[in-house]
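Take a look at the structure below.
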Amino acid sequence: MLMIRLARVGARKQPHYRVVVIEKDRARNGRSVEVVGTYNPRTEPASFELKRDRIEYWTGKGAQLSETVGKLLSKPQAAPAAAVEAPAAAAPTAIAAPTAIETPVAVETPAVETEVTA
């Protein structure tokens, strides 16, 4: 029987998961049939990407969802980080032209004479 569940791929104390289609009796990080998404719980809010069409395909073939993947599917999917556009820059404002151009003025410093005593 096939399951759609999480497989941990992150480093120690830095969890990151792949959503995989895998045989139910295989190890958590065993060889999967297909990777159908990712889940990163360390971002605020937790980010995930799911290939919903592939998940529908596998559930149509009899794959069961794990409890966690079922919860992820019920949430609205956020836009991928690469597709999120930066906020549009404000319209350029007119820069006031300087009213008078100041030219540097040469300032003479008086020479200080020092006496040298031998």
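Here is how the numbers come out for the structure above:
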{"quantity": "Separation of the E113 and A27 label points, Cα + 7 Å toward Cβ, nm", "calculated": "9.3 nm"}
{"quantity": "Pairwise label distance in nanometres, S74 with K13, each label 7 Å out on the Cα-Cβ vector", "calculated": "3.3 nm"}
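Just so you know, all these numbers are worked out from the coordinates, no wet-lab data involved. Since the structure is predicted, the reported quantities are computational estimates derived from the model, not experimental observations. Methodologically, a virtual Cβ is constructed for each residue, glycine included, from the backbone with ideal geometry; neighbour enumeration extends over all protein chains shown.
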